[in-house]
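The values are calculated or read from the model by the stated rules, or taken from the named source; none is laboratory data. Quantities reported herein were computed from a predicted structural model and do not represent experimental measurements. Every residue, glycine among them, receives a Cβ derived from its backbone with ideal geometry; neighbour counts consider all protein chains shown.
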Amino acid sequence: MELLCTSQKSEITSKTYRSVLQLCADLKSLKDGIKVHSIISSNGEMVDRTLGSKLVFMYVTCGDLKEGRRIFDKIDNEKVFLWNMMMNEYAKIGDFMESIYLFKVMIERGIEVDSFTFSCVLKCFAATGSVKLGECVHGYLLKLGFGIYNRAVNSLISFYFRFKRIESARKLFDELSDRDVISWNSMISGYMTNSLADEGFAVFKEMLCLGVDVDLATMVSVLAGCVDCGSISLGKAVHALGVKVCFDKNIIFNNALLDMYSKCGDLDGALRVFEKMDKRNVVSWTSMLAGYARETHFDGAIRLFHEMVMVGVKPDRVAITSILHAFACNGSLENGKELHKYVIESNMESDLSVSNALMDMYAKCGSMEDANDVFRRMPVKDIISWNTMIGGYSKNCLPNEALELFTAMLQELKPDVITVVCILPACGSLASLERGREIHGYALRNGYSSDPYVANALVSMYVRCGELVFGRLLFDMIPSKDLVSWTVMIAGYGMHGFGNEAIATFNKMREAGIKPDVVSFTSILYACSHSGLLEEGWSFFDTMKNDYNIEPKLEHYACMVDLLARTGNLLRAYKFIETMPIAPDATVWGALLCGCRIHHDVKLAEKVAERVFELEPENTGYYILLANIYAEAEKWEEVKKLREKIGHRGLKKNPGCSWIEIKGKVNLFVSGDSSHPETKKIESLLKKLRKKMKEEGYFPKTKCALINADDMQKEIALCGHSEKLAMTFGLLNVPPGKTIRVTKNLRVCGDCHEMAKFISKETGREIVLRDSNRFHHFKDGHCSCRGFW
């Protein structure tokens, strides 16, 4: 460059410029290449075909395709090498259409193509899905006599495999007389990528029998096939062959081994390979991370990630997504937040897969605010982004937010089968039957309803919205019921108080050869509890331990305590808790506290409450429950003390609210609130019903008012309970003959329960009320709960 810059114009020939441009290309020095081009221009050198070709070569090799193309278009060049180079560079950056365009121009100008040309254009047709054009090129290359050239035929084999034209690819291979290692590799890889591992292995064995030398690509393809068919024994044999032919020091081969062992479930084998590796790159570490995460060894994955960072290996997006999955499953929110900082510092947050993994981690760790922050900042969102957020809201008990986001999603893109599975639980949580039916219709129209996950989600949605009969109908229509299907139905019967039906379903599940798990037993014990089936509950509890070797968890003990407490066995429940092999939590003690309220045992309630307050001192619900027990016993001084305690602690009571959905609109009622537009009509009808109740011998359960006042004031307070307002609104607005469906966020009070029974008898209307504990089906003056709630 120094000599070029100091030489006189007359001293430099075109050959000199070409030599220096070649050097710039060899060293990929674009800066020097631009300087040479500037000197050529300032010296007035004519850029002919030869010099122009070298300029194009320099620019393209140094990464400036745009300038290379500008010069390429100006020169009259018939060298196939340069055309192939341009086509190949466009293909590299994913601009396949431009590469195909150059091929067409070559044909029009009569430029003599070679096997490299066909190899490139066939790759472009494969990438763009142009099978017909690819077939035309096949005919053209045969016409020109390239049917015997390995490079062209190998490209055709790959092309046909890309479109699952297995027979066409095989025919080309069989007719190829002089096969090279690429021909064999194309067949092996083609079979493997088309999920035909056995055929791929057969070609591999034939290759070995014929003495064809394998290369690295052969070994990697065969190892990928071992992963697809889960054959660890064959993978070990390939490993042995790799050692024999001296690939064991090659990092690409070792990474393929790591991937094979970890995906086939042999983490020890993967770890042995990993520890023997002289050199490891980010792929090596990521394969191990993913292997630990896949086998649910999340602590091991996290430990390995920290080790990876300590040795100075910079995690890429695949490593980041793998470790975020481990953090998500392990509930490691703080670790996740630290990694999020690294993601931001590394400018990786704009990567779609990384942002999706971050949202998933935050959602699974229960931090939906952080997940939403990531979601809002994303410049581009795909279906996974929306599904992650909708599913996160549903799983974190934020159904309103899930439905709002689902509505927003409809403006952006079409929901898929995963979206339907994610949004249906939100409909079930809110008992939003009309919205659930709309989504069911969408699933039917798009052919999603046959998906087993959608089918299970639909059954769950209907039973949680009070449509138990329809839920059972859908359940019966599922052709191949899995454990989730049966468990959903058992839980549904339990929620609705049909314990015997839940037991019958549980027994049918076992007869069908489905083995119950931890969740199944929780569901059946819950069903027994809410139907007062004491003996049956004990039998299932023993069966779980003795027949299925499932060690009871806290939720199982809570169900048993609840069962004992509801059936009046309070002292037995207390002793049961004291003999538990694991420390009881607030839920277990809370179940007994609820039983104390049902059976009005104030003395035991005080004793139990002490334990509950120690475990969850900030949970307002338990203070309110004890206050209610005192209020029903008319111990107003104790009620006052508890309320003062709640105030001093700065705790807040969740206000009682109920809602009813009519014509797609949700009408919300809060206890004592008179802001609803139809309040006067509701109060008027409520008074008439109260009067009629009294005339027929029903008297208000004033203890349920939970205030220290006279009976008149208590009755007025009772009339303002949210479920009464919602039921009365339903009487006014739901067409005759239609079921009135009300949902309440708290447990229904005794007085409202009695009034619902009376309304169902007096008006001939069926009322389905879902409270925080269970469903109540009121019909002809009776309730399905039979007093167990």
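Data table
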| read-out | value |
| --- | --- |
| Matching option when the condition is in contact with a Ser or Thr (Cβ under 9 Å, 6 or more places away or on another chain) and farther than 25 Å from residue 142 by Cβ, among 27, 122, 51, 65 | 51 |
| Among residues of region 329-348, those that are in a loop (DSSP other than H, G, I, E, B), buried (at least 16 other Cβ atoms within 10 Å of the Cβ) and under 19 Å from the mean Cα position of the chain (by Cα), counted | 1 |
| Some residue of region 101-108 being of a type in the set (Val, Ile, Thr) and buried (at least 20 other Cβ atoms within 10 Å of the Cβ) | no |
| Qualifying residue in region 232-252 (condition: assigned to a helix (DSSP H, G or I), among the polar types (S, T, N, Q), on the phi < 0 side of the Ramachandran plot and surrounded by 18 or more Cβ atoms within 10 Å (Cβ to Cβ)) | no |
| Residue within region 342-361 that is small (Gly, Ala, Ser) and farther than 21 Å from residue 390 by Cα present | yes |
| Qualifying positions in region 505-532 - touching a Gly at 6+ places or on another chain (Cβ under 6 Å), free of Cβ contacts under 8 Å to residues at least 60 places away in the same chain and not in a helix (DSSP H, G or I) | none |
| Residue check for residue 595: under 22 Å from residue 625 (Cβ atoms), crowded, with 24+ Cβ neighbours inside 10 Å and touching a Lys or Arg at 6+ places or on another chain (Cβ under 8 Å) | yes |
| Pairs with Cβ under 6 Å, 6+ apart, first in region 461-478 and assigned to a helix (DSSP H, G or I), second of a type in the set (Ser, Thr, Tyr) and at pLDDT 95 or above | 470/462; 471/462 |
| Residues of region 774-789 satisfying the condition of being surrounded by fewer than 18 Cβ atoms within 10 Å (Cβ to Cβ) and not acidic (Asp, Glu) | 779, 781, 782, 786, 787 |
| Criterion (farther than 20 Å from residue 624 by Cα, more than 42 Å from the chain's Cα centre (by Cα) and at pLDDT below 80) met by exactly one of 697, 720 | 697 |
| Failed item, numbered, when residue 413 is tested on (1) closer than 25 Å to residue 439 by Cβ; (2) crowded, with 16+ Cβ neighbours inside 10 Å | (2) |
| Which numbered condition residue 494 misses (of (1) closer than 22 Å to residue 769 by Cα; (2) modelled with pLDDT of 95 or more; (3) touching a His at 6+ places or on another chain (Cβ under 9 Å)) | (2) |
| Within region 425-456, considering residues that are among the hydrophobic types (A, V, I, L, M, F, W, C) and in contact with a Pro (Cβ under 7 Å, 6 or more places away or on another chain), the one modelled with the lowest pLDDT | 430 |
| Residue check for residue 385: small (Gly, Ala, Ser), assigned to a helix (DSSP H, G or I) and either modelled with pLDDT under 95 or out of contact with any helix residue (DSSP H, G or I) (no Cβ under 7 Å at 6 or more places or on another chain) (or both) | no |
| Qualifying helices (runs of 4 or more DSSP H) (wholly inside region 1-117; at least 3 residues being free of Cβ contacts under 8 Å to residues at least 24 places away in the same chain and not hydroxyl-bearing (Ser, Thr, Tyr)) | 14-26, 30-42, 65-74, 96-109 |
| Residues of region 582-622 satisfying the condition of being within 37 Å of the chain's Cα centre (by Cα), in a helix (DSSP H, G or I) and modelled with pLDDT under 90 | 620, 621, 622 |
| Residues of region 623-645 that turn out to be assigned to a helix (DSSP H, G or I), among the acidic types (Asp, Glu) and either at pLDDT below 85 or over 14 Å from residue 606 (Cβ atoms) (or both), as a count | 2 |
| Some residue of region 184-191 being modelled with pLDDT of 90 or more and under 18 Å from residue 84 (Cβ atoms) | no |
| Among the candidates 268, 259, residue that is acidic (Asp, Glu), closer than 21 Å to residue 225 by Cβ, in a helix (DSSP H, G or I) and modelled with pLDDT of 85 or more | 259 |
| Looking only at region 733-772, and only at residues there that are in contact with a Lys or Arg (Cβ under 6 Å, 6 or more places away or on another chain) and either without any contact (Cβ under 8 Å) to a residue 60 or more places away in the chain or surrounded by fewer than 18 Cβ atoms within 10 Å (Cβ to Cβ) (or both), the one that is farthest from residue 464 (Cα to Cα) | 751 |
